[in-house]
1. Exactly one of these conditions fails for residue 113: (1) part of a loop (DSSP other than H, G, I, E, B); (2) under 17 Å from residue 87 (Cβ atoms). Give me its number.
2. Hey, any hits in the stretch 101-108 for a residue that's in a loop (DSSP other than H, G, I, E, B) and either of a type outside the set (Val, Ile, Thr) or touching a Phe, Trp or Tyr at 6+ places or on another chain (Cβ under 7 Å) (or both)?
3. In the set 95, 2, which member is part of a loop (DSSP other than H, G, I, E, B), over 13 Å from the mean Cα position of the chain (by Cα) and closer than 19 Å to residue 183 by Cβ?
4. Kindly establish whether residue 168 is among the hydroxyl-bearing types (Ser, Thr, Tyr) and surrounded by fewer than 19 Cβ atoms within 10 Å (Cβ to Cβ).
5. Looking only at the stretch 145-178, how many residues end up being touching a residue at least 24 places away in the same chain (Cβ under 8 Å), among the hydrophobic types (A, V, I, L, M, F, W, C) and assigned to a helix (DSSP H, G or I)?
6. Scanning for something crowded, with 18+ Cβ neighbours inside 10 Å, of a type outside the set (A, V, I, L, M, F, W, C) and modelled with pLDDT under 95, does the stretch 177-190 turn up at least one residue?
7. Give me the pairs: first residue in the stretch 74-87 and among the acidic types (Asp, Glu), second residue at pLDDT 95 or above, beta-carbon distance under 6 Å, and six or more apart or on different chains, which are they?
Amino acid sequence: MRVQDKSIIVTGAGSGIGEGIARRLAAEGARVIVNDIQAQAGQKVVQEILAAGGQARFFAADVTRSDDMQALIQAAVARHGRLDVMVNNAGWTHRNRPALEVSEEEFDRCYAVNVKSIYLATLHAVPVFRAHGGGSFINIASTAGVRPRPGLSWYNGSKGAVIITSKSLAAELGPDNIRVNCINPVFNPDTGLSAEFAGGPVDEERRAKFLATIPLGRFSSALDVANAALYLASDEAAFISGVCLEVDGARCA
């Protein structure tokens, strides 16, 4: 059990990559707080983790709201006595379209969910980590922040912000024994946002177009990303901080 009894929050864990991370960490012994704004989806993930013998609890919170983020973190502390790892997975994108056609509302939401959430998690989790001798942030960014695709300019920029912010926080918080890393997944056609990334339904033509950019010849899966998160959350990664791990089949090579 590589993360036995670690207290871990996974945001946006009601489906997709977040669900995969929550399941994998719970299977390796973590006590997981499953967060999502969709209560039914989040509770379903919790029930399935419990049925498999893991430990999990659902907590509804909007990661763009400071009070909600504070309550989420305090819920983990109240239940487990501490917080060891914060996985900032919740994300959102505008639809793939020319940059000038993205509305101000879409821009604001993109940066609120993808970037402000990291700020709020840092604001409220760092004091908890400091009080317990350290901790770990795992921020789910994207290959979009390293090798951007056309039509997703504002999303790409938000993920670039996550990457550089993670590196900066790693340098700043290292003396507090707080590690900060991020993971950059490549396109996954099975996530709820895949049609937004693709600019329409992910038909065979669009699948082939994306697949042609990945040298290993397949898309990333939730399990691929979850395995990377498991490593970064474990004590095996105790000296790993400021790293952005690309889970992309060499897309960014």
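1. Of (1) part of a loop (DSSP other than H, G, I, E, B); (2) under 17 Å from residue 87 (Cβ atoms), only one is false for residue 113: (1).
2. Within the stretch 101-108 (the criterion being in a loop (DSSP other than H, G, I, E, B) and either of a type outside the set (Val, Ile, Thr) or touching a Phe, Trp or Tyr at 6+ places or on another chain (Cβ under 7 Å) (or both)), the answer is yes, since at least one residue qualifies.
3. Numbers: 95 fails: closer than 19 Å to residue 183 by Cβ.
Sole residue among the options that is part of a loop (DSSP other than H, G, I, E, B), over 13 Å from the mean Cα position of the chain (by Cα) and closer than 19 Å to residue 183 by Cβ: 2.
4. Spelling it out, residue 168 is indeed among the hydroxyl-bearing types (Ser, Thr, Tyr) and surrounded by fewer than 19 Cβ atoms within 10 Å (Cβ to Cβ).
5. Total meeting the criteria: 8.
6. yes
7. Here the result reads 84/6; 84/7; 84/135, each pair linking the stretch 74-87 to a residue that is at pLDDT 95 or above.
Yes/no matrix, rows are residues, columns are (1) closer than 19 Å to residue 197 by Cβ; (2) out of contact with any Lys or Arg (no Cβ under 9 Å at 6 or more places or on another chain):
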position: 67; (1), (2): no, yes
position: 97; (1), (2): yes, yes
position: 114; (1), (2): yes, no
position: 118; (1), (2): no, yes
position: 137; (1), (2): no, no
position: 145; (1), (2): yes, no
position: 148; (1), (2): yes, no
position: 167; (1), (2): no, yes
position: 173; (1), (2): no, no
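The values are calculated or read from the model by the stated rules, or taken from the named source; none is laboratory data. All values reported here derive from a predicted model rather than from experimental measurement. Using ideal geometry, Cβ is built from the backbone for each residue, glycine included, and neighbour counts are taken over all protein chains shown.
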